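J.: If you scroll down you'll find the structure; I have some questions about it.
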Amino acid sequence: MLRHRRLSLLVHRRAAVVVTVLLLLLAGVMLLAACVGQTYVPPGEVWRVLRGHGGPYDLVVGELRVPRIVLGALVGAALGLSGALVQTVTRNPLASPDVIGVGHGAAAATVLALATGTVASPGALPAVAVTGGLAAAALVYVLAWRHGMQPSRFVLTGVGIGVALSAVVQLYLTDSELAAAEQVKLWLTGSLNGRGWEQAGPLARVLLLSLPALVWAGRALRPLGLDAETAAALGVRVQRSQLGLTVLGVVRAAVATGAAGPIGFVALTSPQLARRLTRTPQLPLAASALTGALIVVGADLVARTLVPPLEIPVGALTSLVGGPYLLWLLGRPGRR
């Protein structure tokens with residue numbers, strides 16, 4: 001416990017150590033991703049480009065790799081935070097934006113905007129994704145509400161909404177032109193290829209502007225980790241806190257989806273891995289964000305170097321790893 005006059009801050013030592021290690025690992029993986037590719041760039045040259053001194057690798061590092069790496073870290077951090085918030089609200093490790101329908105809502109809105117040509121520039125995609133994600137979350141919340149919100153009903157309703165939205169997207173693809181369908185299918189795989197500062201900018205602004213809300217979220221997560229009756233007895237306005245945390249998580253997931261497409265299972269696995277590393281009673285926000293960033297940056301590095309010169313979409317790789325993890329989580333003894 002750190003105290004300074006009227007300000008007190010509870011610091012979990014193991015969590016602080018884990019966050020520091022994750023920061024170092026993330027920095028190392030980001031540096032490795034900037035060096036490795038079809039053209040190897042020495043670390044010294046990468047540092048030279050980052051300092052703005054230019055050189056023969058300015059195009060490869062400064063314009064192709066670094067923006068992609070930064071976007072991957074931002075997307076992973078947003079998904080990790082979103083998963084931690086949604087799983088705390090539902091008190092269910094199987095809940096995440098891409099499982100309960102929020103990611104499907106953002107994907108459906110963005111796909112329809114791309115397919116119909118209503119988006120003038122890629123920079124408008126995050127706003128479209130936020131609209132779709134919020135609409136899907138609102139629909140799930142309304143349908144799941146019955147004298148209060150029960151986590152199991154919320155999750156099952158979200159799964160149903162997600163299946164319905166996926167069907168809408170598939171039906172639209174079967175009736176669209178070939179060029180539009182190919183563009184939409186490429187976006188649905190979730191890839192960082194060809195993306196950069198134009199997509200990273202709006203996502204970074206959303207994350208920065210919502211930092212004050214994360215301070216409130218960190219305090220609200222502790223009592224909500226208990227059952228609703230205990231939290232209410234402690235004076236917590238449960239429904240209001242649940243709604244606020246859900247909206248906060250939905251916005252992050254929706255903007256991340258609009259920036260890079262639907263990258264599955266990152267929001268599902270990151271909070272649980274972070275909790276196992278930190279061993280904290282509640283899901284740690286900072287560790288979840290760093291774990292998500294590390295997963296996306298590392299997966300993208302593997303995806304673009306595993307079978308050169310082909311690039312596997314990072315969303316396909318995370319789903320390939322996340323699927324068995326979900327089955328393991330479902331099969332754990334004592335897990336309902």
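J.: So which pairs qualify, if the first residue must be in region 259-287 and touching a residue at least 24 places away in the same chain (Cβ under 8 Å) and in a helix (DSSP H, G or I), the second must be among the charged types (D, E, K, R) and surrounded by fewer than 24 Cβ atoms within 10 Å (Cβ to Cβ), the Cβ gap must be under 8 Å, and the two must be at least 6 apart or on different chains?
T.: Note: pairs meeting the criteria are Ala259/Arg195; Ala260/Arg195; Thr278/Arg14; Ala287/Arg275.
J.: Moving on. Where residues in region 69-119 are part of a helix (DSSP H, G or I) and without any contact (Cβ under 8 Å) to a residue 40 or more places away in the chain, which of them is surrounded by the most Cβ atoms within 10 Å (Cβ to Cβ)?
T.: Top of the filtered list is Ala109.
J.: Please go through region 177-193 and pick out each residue that is over 21 Å from Val75 (Cα atoms) and at pLDDT 70 or above.
T.: Glu177, Leu178, Ala181, Glu182
J.: Being at pLDDT below 90 and not in a helix (DSSP H, G or I) is the requirement here; does Gly315 meet it?
T.: The answer is no for Gly315.
J.: Please tell me if Val119 is closer than 26 Å to Gln282 by Cα, modelled with pLDDT under 80 and not polar (S, T, N, Q).
T.: Answer is no for this residue.
J.: Same structure, new question: Which condition does Leu208 not pass, out of (1) surrounded by 13 or more Cβ atoms within 10 Å (Cβ to Cβ); (2) at pLDDT 80 or above; (3) of a type in the set (A, V, I, L, M, F, W, C), if it passes all the others?
T.: It is condition (1) that Leu208 fails.
J.: Among all residue pairs at least 6 apart or on different chains, which show Cβ distances below 6 Å where the first residue, located in region 293-310, is under 18 Å from Pro262 (Cβ atoms) and the second is part of a loop (DSSP other than H, G, I, E, B)?
T.: Asp300/Leu192; Ala303/Ile312
J.: From the set of residues in region 29-68 that are β-branched (Val, Ile, Thr) and free of Cβ contacts under 8 Å to residues at least 60 places away in the same chain, which is nearest to Gln199 (Cα to Cα)?
T.: Per the stated criteria, the residue is Val66.
The values are calculated or read from the model by the stated rules, or taken from the named source; none is laboratory data. Since we're looking at a predicted model, the values are computed, not measured. Positions of Cβ are generated from backbone atoms using ideal geometry, with glycine treated the same way; all protein chains shown enter the neighbour counts.
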